[in-house]
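Below is one structure, written out as structure tokens; the observations come after it.
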Amino acid sequence: MICPGESAVRYGVYHFRKTFELGETPASFIVHVSADNRYRLFVNGEAVSSGPARSDLGHWNFETVDIAKQLKKGKNTLAALVWNAAEHAPFAQISYQTGFILQGNTEAEDLVNTDKTWKVLRNEAYKPLPVDRAKLQSYLVTGDGDDVDGSRYPWGWEQPDFDDSKWKNAEQLWFAGKPRTLGSDGNWMLVPRSIPLFTEEKIPMGDVKRAIFTQKNEEKLAAKTLPLQVPAQTKATILIDQKILANAYPTLSTSGGKGAKITLTYAEALFDKNRQKGNRNEWEGKEIMGIQDRFTADGGKERTFRPLWFRTWRWLQLDIETGDEPLTINDLHGMSYGYPLEEKASFKSSDPSHSQIWEVGWRTAQRCAGETYFDCPYYEQLSYVGDTRIQALITLYVSGDDRLVRKSIEDFDNSRIPDGLTQSRYPCNDMQIIPTYSMFWVSMIYDYWMLRQDDAFVKKFSPGIAGVLAWHEARIAPNGMLGPVQWWNFVDWAWPWSEEERIGGVPPGVARGGSSILTLQYAYTLRQAAALFDFYEEKDKAAAYSRTADALVEATYRLCWDAGRGLLADTPAKTSFSQHANIMAVLTDALPKAQQPSLLEKIMADKSITQTTLYFRFYLLEALKKHGMGTAFNAQLNDWRTMLDMGLTTFAEEPEPTRSDCHAWSAAPNYQFLSTVLGINPGSPGFATVRIEPNLGNLTFAEGKMPHPKGNISLKLEQIANGYKAVVMLPAGLNGEMIWRNEKKPLEGGKVLVLYFK
């Protein structure tokens, strides 16, 4: 359905209503609902569903909701808020045109199907409030704010007793003179939502740190509690510290104050006069900059403003300017937004900072999970493969919920371009290609294969895997390494913008060929793919991938190893060196295993080489895990301890100065605590067996648990007089082994095992 007489592709906010009669209260009443761009569905005034879950036109989601408990005998009203943000939409929002559909599940529910009996109104109160990107000086693509004029708003439109008699009848979409069935011509190919519906929980307003009224050239401090009355002809500033970074719909209630303008500004952190954030708990002498919404009061009682899309903030400022009437701020709170991740795992150790890192890391992972994974909730809300691989591992290890992981793998598969690569971030209305991320998509599938027994799901990605690998194979140079590689080959923010690459995050040797990092990542990916194809009886393809990987590794070591420095160089020219190249050398066994621990020690001690930032630190920690270097692992967490000392309540994109204060890849320690410190990892594909190989380092105690499809795996380790004591519990049906300094002991499911090691 659409609103007649309105553009289907331009910005617009619409209200749809349908009133109908029921002879009795139903036991079940199931409807399917979707919209472009988005909708919020109400039944008799109660919000019941929001969506659709973001994807693309070929896989447009619809939600299925049983609304029986909101219905009653007699008159009932369905109401839907539908909007198309058009050019003001987030980059993550793909769109064809404005549209709304609701269909009953059976003939019993057909009376509510969208047709011309539905009424519709365009809400003229809304207009976009563009983000001042020049002032922010940052890449911000989460969409513009809302500017709402309360005097033009149809208050109570969602309530059953609202008079919609002057509204237009909705119009069906038409094609070639006939009604169009949604999805039949490929504009929206409807698929069921594969992730759970989200619930909203109330988040109380934080602490008011600054409340100043300016009236007749005089300033005075105001009360710091609600309700709060702002006098007529007054400007007021109220700065609120939420204390913990939140993803939520801010919900503001006002009364009176006709013509008063309230601007809400949201920020992760405040800035000093040098545009530095500093300690996130400090606010004196700092100002707020960020995404904004604006509401103009109409003078009515208990008017509620809520933006169309959620906002992210630690700090929230209200700037109020009243006219001839005083304004009362009745209430301000948030309604939470996010994927319902459940924390089923736990971890603690003899290092008290680990518990703090675990808590803040899990909050970071939660804030970066919505209808897709987010790299960061404030600036982009885009699912990038590099971030998402790490997020998926955290999700599987800490919550055990694989639904968003599966959706992400499928989304990236759906993003593939004709030459075989995936897009770097998806869904997204702005195509971006990062070939290194296409390889990490293959790694995501490998990770999932190891952690879940789901053969049909994994096997369907074989063509995509082959396409990614073939694209890279076509770029192998005569010297046996990767030659010039197109697109943006991001590795880590360790490399600044360069004249040669014309972009940041790219190591030497990409544009001209000969990057040891990219070549070894290709070998790393080939070996993971070879294991997958061998398992699914594609032996010839697996063998070919293994041979290619071996040849790449041999050529890279031969051309890039600098015997004098004892390091692998970034290119055959041997003029630059990085932790990254040597990490990949360890992960691909480019040098003998016996030499790898000393190489890792060398690259952690040598500050003259390019250092990893928080993102690629994940792969350094993976290399340390491979060699049981627990003490070195613990030392690598100092950047996370520094962030805690700086007052961050989620972990940042990179060390100071940083753009994003909440970035998915920096939650990696939550996976590593379980996978590296406790050493819990699958012993065979599908997590059919478990391999536990702890890396305590200098810790004297560590314990935790993680969810497995068959139940919880729990482990407690403590130092005793002459060694270590381990208490292990596996769920019934899961067996495996525990390894301690090359000593192996079998593990049997369904039993509590007490083991001793020297």
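Applying the criterion of being polar (S, T, N, Q) and within 19 Å of D447 (Cβ to Cβ) to the residues of the range 655-701, the residue that is surrounded by the most Cβ atoms within 10 Å (Cβ to Cβ) is S666.
F673 falls short on exactly one of the conditions (1) of a type outside the set (S, T, N, Q); (2) in a helix (DSSP H, G or I); (3) over 20 Å from K243 (Cα atoms); (4) over 21 Å from the mean Cα position of the chain (by Cα), and that condition is (4).
Is at least one residue of the range 556-572 among the small types (G, A, S), more than 27 Å from S598 (Cα to Cα) and surrounded by fewer than 18 Cβ atoms within 10 Å (Cβ to Cβ)? Let's see the steps before the verdict.
Looking only at the range 556-572, we keep the residues that are among the small types (G, A, S), and these are 563-564, 566, 569.
Then drop every residue that is not more than 27 Å from S598 (Cα to Cα), which leaves none.
No, that holds for no residue.
Against the condition among the charged types (D, E, K, R) and closer than 20 Å to T658 by Cα, how does K261 come out, does it pass? Please lay out each step first, then the result.
Working: among the charged types (D, E, K, R): yes; closer than 20 Å to T658 by Cα: no.
No, not satisfied.
Among the residues here, W174 does not qualify as modelled with pLDDT under 95, within 28 Å of the chain's Cα centre (by Cα) and on the phi < 0 side of the Ramachandran plot.
In the list T263, T199, which residue meets the criterion of being of a type in the set (S, T, Y) and surrounded by 15 or more Cβ atoms within 10 Å (Cβ to Cβ)? Before you say what the answer is, go through the steps one by one.
Values: T199 fails: surrounded by 15 or more Cβ atoms within 10 Å (Cβ to Cβ).
Matching residue, one of T263, T199: T263.
Taking A702, is it at negative phi, of a type in the set (A, V, I, L, M, F, W, C) and modelled with pLDDT of 95 or more?
Working: at negative phi: yes; of a type in the set (A, V, I, L, M, F, W, C): yes; modelled with pLDDT of 95 or more: yes.
It is true that A702 is at negative phi, of a type in the set (A, V, I, L, M, F, W, C) and modelled with pLDDT of 95 or more.
Take the range 60-69 and flag every residue that is surrounded by fewer than 18 Cβ atoms within 10 Å (Cβ to Cβ) and of a type outside the set (G, A, S). Walk me through it before giving the result.
Step one: list which residues in the range 60-69 are surrounded by fewer than 18 Cβ atoms within 10 Å (Cβ to Cβ), which gives 64, 66, 68-69.
Selection gives T64, D66, K69.
For the range 518-550, filtered to residues that are closer than 20 Å to P478 by Cβ and aliphatic (A, V, I, L, M), the residue that is nearest to the chain's Cα centre (by Cα) is L518. Pairing each residue of the range 234-256 that is at pLDDT 95 or above and of a type in the set (F, W, Y) with any residue that is assigned to a strand (DSSP E or B) and surrounded by fewer than 18 Cβ atoms within 10 Å (Cβ to Cβ), provided the two are 6+ apart or on different chains, yields C-beta distances under 9 Å for Y249/M335; Y249/S336.
Does S660 meet the test of being under 30 Å from L136 (Cα atoms), among the hydroxyl-bearing types (S, T, Y) and out of contact with any Gly (no Cβ under 7 Å at 6 or more places or on another chain)? For S660, the condition - under 30 Å from L136 (Cα atoms), among the hydroxyl-bearing types (S, T, Y) and out of contact with any Gly (no Cβ under 7 Å at 6 or more places or on another chain) - is met.
Can you confirm whether K625 is out of contact with any strand residue (DSSP E or B) (no Cβ under 7 Å at 6 or more places or on another chain), surrounded by 17 or more Cβ atoms within 10 Å (Cβ to Cβ) and charged (D, E, K, R)?
Details: out of contact with any strand residue (DSSP E or B) (no Cβ under 7 Å at 6 or more places or on another chain): yes; surrounded by 17 or more Cβ atoms within 10 Å (Cβ to Cβ): yes; charged (D, E, K, R): yes.
So K625 fits the description; yes.
If I go through the range 337-362 residue by residue, how many of them are touching a strand residue (DSSP E or B) at 6+ places or on another chain (Cβ under 7 Å) and either assigned to a helix (DSSP H, G or I) or surrounded by fewer than 16 Cβ atoms within 10 Å (Cβ to Cβ) (or both)?
Count: 6.
For the range 426-457, the candidate set comprises residues that are free of Cβ contacts under 8 Å to residues at least 60 places away in the same chain and not in a helix (DSSP H, G or I); within that set, the residue that is surrounded by the most Cβ atoms within 10 Å (Cβ to Cβ) is I434.
Scan (1) over 19 Å from R10 (Cα atoms); (2) modelled with pLDDT of 95 or more; (3) part of a helix (DSSP H, G or I) for the single condition A47 breaks and write down its number. For A47, the failing item is (3). From the list Y522, Y557, the one residue that fits, being of a type in the set (F, W, Y), in contact with a helix residue (DSSP H, G or I) (Cβ under 8 Å, 6 or more places away or on another chain) and under 30 Å from F457 (Cα atoms), is Y522.
Would you please name the residue that is nearest to the chain's Cα centre (by Cα), looking only at residues in the range 554-575 that are more than 22 Å from P478 (Cα to Cα) and in contact (Cβ under 8 Å) with a residue 24 or more places away in the chain? Before you say what the answer is, go through the steps one by one.
Applying the first criterion (more than 22 Å from P478 (Cα to Cα)) to the range 554-575 yields 563-567.
Next, from what is left, pick out any that are in contact (Cβ under 8 Å) with a residue 24 or more places away in the chain: 566-567.
Values: G566: 39, L567: 36 Å.
Step by step, filter the range 554-575, then rank; the result is L567.
The rows are residues; the columns are (1) modelled with pLDDT of 95 or more; (2) assigned by TED's automatic domain parsing to the domain that holds I291; (3) of a type in the set (V, I, T); (4) not in a loop (DSSP other than H, G, I, E, B).
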| site | (1), (2), (3), (4) |
| --- | --- |
| A134 | no, no, no, yes |
| V141 | yes, no, yes, no |
| D147 | yes, no, no, yes |
| E158 | yes, no, no, no |
| D161 | yes, no, no, no |
| K166 | yes, no, no, no |
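Within the range 306-321, take every residue that is buried (at least 22 other Cβ atoms within 10 Å of the Cβ) and among the basic types (K, R) and give me the one that is farthest from K261 (Cα to Cα). The residue in question is R314.
Select from the range 23-46 the residues that are farther than 16 Å from D161 by Cα and of a type in the set (A, V, I, L, M, F, W, C) and write down the one among them that is nearest to the chain's Cα centre (by Cα). Looking at the filtered set, the residue picked out is A35. Of the listed requirements (1) of a type in the set (K, R); (2) without any contact (Cβ under 8 Å) to a residue 24 or more places away in the chain; (3) closer than 29 Å to D534 by Cα, K710 misses just one: (2). Apart from one condition, E500 fits all of (1) surrounded by fewer than 21 Cβ atoms within 10 Å (Cβ to Cβ); (2) in a helix (DSSP H, G or I); the exception is (2).
The values are calculated or read from the model by the stated rules, or taken from the named source; none is laboratory data. If you're wondering where the values come from, they're calculated on a predicted model, not measured in any experiment. Here Cβ is always computed from backbone atoms with ideal geometry, including for glycine, and neighbour counts include all displayed protein chains.
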